[in-house]
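Written out below as structure tokens is the structure these notes cover.
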Amino acid sequence: MDKPIFLIGFMGSGKTTLGKKLAKQLNKQFIDLDEKIVQYIGMSIPEYFNQHGESEFRKLESKLLKEQTDKNTVISTGGGSPCYFDNMEWIRNNGISLYLQLTPKALYSRLQQSNIGSRPALGGLQGDALLEFIESKLQERAPYYLQAHIHIDQISTPLEIICQSIESYEQNV
């Protein structure tokens with residue numbers, strides 16, 4: 001594999017969890033773009049959002065994304081990363097992209113079990129308001145996510161099949 005692998009999908013879709021497993025299976029380094037951002041800015045993403053706004057965050061996110069060119073990596077992007085500037089085009093041209101697909105209800109269930117306060121885009125939403133937000137954002141982001149080279153049903157696709165999908169994609173490029 002001569003390109004980095006970029007995992008894209010909505011927050012809570014399992015990009016970090018799967019990314020670590022995939023990196024181990026493929027003997028690659030794992031990079032969490034959000035963690036890179038936190039290291040770079042020296043504060044949490046919610047703090048940065050509050051101090052500088054989403055626009056500045058997205059510029060910084062795009063800059064750090066485009067620095068991830070090591071072919072021996074699996075990179076977990078932020079949920080919105082592919083949807084700003086030319087990020088999705090850049091991801092497609094510089095790596096192999098995997099879209100981790102989940103239904104809005106599955107995402108809702110996962111996000112309910114996570115620390116919602118650590119996700120600035122959710123603004124502390126709960127219940128029906130959270131589900132409506134997920135449905136709306138997923139629909140808004142679908143045109144970007146669907147450009148990924150490989151689409152994975154995150155609930156029912158075993159790691160071995162994901163690895164085979166990546167190998168198959170590379171052989172056909």
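The values are calculated or read from the model by the stated rules, or taken from the named source; none is laboratory data. Just so you know, these numbers come straight off a predicted model, no measurement behind them. Please note: Cβ atoms are built from the backbone with ideal geometry, for glycine as well, and neighbour counts cover all protein chains shown. Please note that ligands, DNA and RNA were not included when accessible areas were found on the heavy atoms of the full protein model with its side chains. Shrake-Rupley method; radii C 1.70, N 1.55, O 1.52, S 1.80 Å.
Can you tell me how many residues in the stretch 115-129 are over 16 Å from Gly78 (Cα atoms) and touching a Phe, Trp or Tyr at 6+ places or on another chain (Cβ under 6 Å)? Total satisfying the criteria: 1.
Any chance the stretch 56-71 includes a residue that's aromatic (Phe, Trp, Tyr), touching a residue at least 24 places away in the same chain (Cβ under 8 Å) and touching a helix residue (DSSP H, G or I) at 6+ places or on another chain (Cβ under 7 Å)? Walk me through it before giving the result.
Kept after step one, since they are aromatic (Phe, Trp, Tyr), are these residues of the stretch 56-71: 57.
Going one step further and asking which of them are touching a residue at least 24 places away in the same chain (Cβ under 8 Å), we end up with none.
Checked against the condition, which is being aromatic (Phe, Trp, Tyr), touching a residue at least 24 places away in the same chain (Cβ under 8 Å) and touching a helix residue (DSSP H, G or I) at 6+ places or on another chain (Cβ under 7 Å), the stretch 56-71 yields no hits at all.
For Gly9, the criteria (1) open to solvent by less than 20 Å² (accessible area, probe 1.4 Å); (2) on the phi < 0 side of the Ramachandran plot hold in every case but one, which is (2). Residues that are assigned to a loop (DSSP other than H, G, I, E, B) and open to solvent by 40 Å² or more (accessible area, probe 1.4 Å) were ranked within the stretch 19-42; the one that is farthest from Gln154 (Cα to Cα) is Gly42. Restricting the search to strands (runs of 3 or more DSSP E) fully inside the stretch 63-173 and requiring at least 1 residues that are more than 16 Å from Gly12 (Cα to Cα), in contact with a Gly (Cβ under 6 Å, 6 or more places away or on another chain) and open to solvent by less than 40 Å² (accessible area, probe 1.4 Å) gives 73-76. Being more than 26 Å from Ala142 (Cβ to Cβ), at pLDDT below 95 and among the small types (Gly, Ala, Ser) is a property that Ser109 lacks. The single condition among (1) within 23 Å of Leu146 (Cα to Cα); (2) of a type in the set (Gly, Ala, Ser); (3) at pLDDT 95 or above that Gly42 does not meet is (1).
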